[in-house]
Amino acid sequence: MALRPYWKGYLKLSLVTCPVAMTPATSESEKVRFHTLNRATGNRVLSQYVDSVTGKPVKDDNEAKGYSRGENDYVILTEDDLDAVALDTVKTIDIHKFVPADSIEWVYLEKPHYLMPDDPVGEEAFAVIRDAMASDKVVGVSTLVIGRRERAVVLEPRGEGIVLWTLRFGDEVRPEESYFEDVDEKADPELVPLVQQLIRQKTEKWSPDMASDPIQKSLLKIIAQKKKALKPAKKSAKGKEAPAPNNVVNIMDALKKSLQAEMKGKKAS
């Protein structure tokens, strides 16, 4: 079942315009979330804004955005001030350029959204833009205001729809060269084939189960146990601690043992 779109507007390319709706492609609603409670009473603890000088709670009507220009010195902006700088990109995704689909580095991709037509009349225009990008193997570059902040976005044709990715700003991305420049070690040519063989034995078809959250499952299990008011299981007696492994190993021997273990595991299965 499709979720209700959280943004509606228009997709525009030159003189071609069509109404569209956008929904986040990912969700965290299934994650286990906790409320902060008062242990003594079991009641929820509520948070509120408090004046840092008077210590008194601040009413919603008195809250304002402030830009610091010095210590304890702020320029106050009201909701009207913020609304006055609203841009056209609040409701329109105007594709102003295209780039090769494989030219945007992965580190710039931030969050994916599904973009789909929001009116039967505009489906043809949407399909034409989508299929033209797919044929030329390009993605569209545009801007969009999300949460009063204009973000650079790319539009990637995907199946019958378009995936819109928000992009990180250039100053948010740390250049990889700064971290990899001191890595001068070259791989031993005799070891590479062994690693390749090990990789092939461990290669499988991708499944979303590979990205499951074991902590989430454990939390749900604990919550289910507490719901049933079960007594916690008795802890088993602790055995002797295993000696710390020796990290100085022969890579060639380790790879050979790994390959042998993989082969035995496949024969047994």
At 10 °C in a medium of viscosity 1.306 mPa s, the range 150-215 has a Stokes-Einstein diffusion coefficient, with Rh taken as the Kirkwood radius over alpha carbon pairs, in µm² per second, of 92 µm²/s
So the compactness index of the range 39-196, its C-alpha Rg divided by 2.2 N^0.38 Å, takes the value 1.61
With a 1.4 angstrom probe the carbon and sulfur portion of accessible area for the range 1-160, in percent, totals 52 percent
Between the modelled labels at H35 and Y10 (7 Å from Cα along Cα→Cβ) the distance in nm is 4.4 nm
So for the range 2-70, using the alpha carbon gyration tensor with a ≥ b ≥ c as root eigenvalues (a/c under 1.5 gives rounded; past that, a/b versus b/c decides prolate or oblate), I'd call it oblate
Descending packing, highest mean Cβ count within 10 Å first, for 100-112, 14-26 is 14-26, 100-112
Residue separation between V90 and A127 times 0.36 nm, minus their alpha-carbon distance, gives in nm 11.0 nm
Here the gain from full extension of E172 to A101, 0.36 nm per residue of separation minus their alpha-carbon distance, amounts to 23.4 nm
Stretched fully, the stretch from Q260 through E71 gains (0.36 nm per residue minus C-alpha distance, one decimal, in nm) 61.5 nm
Sorted on mean Cβ neighbours within 10 Å (highest first), peptides 151-162, 35-46 come out as 151-162, 35-46
FRET efficiency (A134, D253; Cβ distance; R0 30 Å; to 0.05) is 0.05
So, for the Cα atoms of the range 123-188, Rg and Dmax in Å stand at 17.9, 56
To the nearest 20 debye, the range 38-157 has a Cα-centred charge dipole, built from +1 on Lys and Arg Cβ and -1 on Asp and Glu Cβ, of 640 debye
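The values are calculated or read from the model by the stated rules, or taken from the named source; none is laboratory data. These figures come from a predicted structure and were not determined experimentally. Using ideal geometry, Cβ is built from the backbone for each residue, glycine included, and neighbour counts are taken over all protein chains shown. Surface accessibility is based on the protein's heavy atoms, side chains included, excluding ligands, DNA and RNA. Shrake-Rupley method; radii C 1.70, N 1.55, O 1.52, S 1.80 Å.
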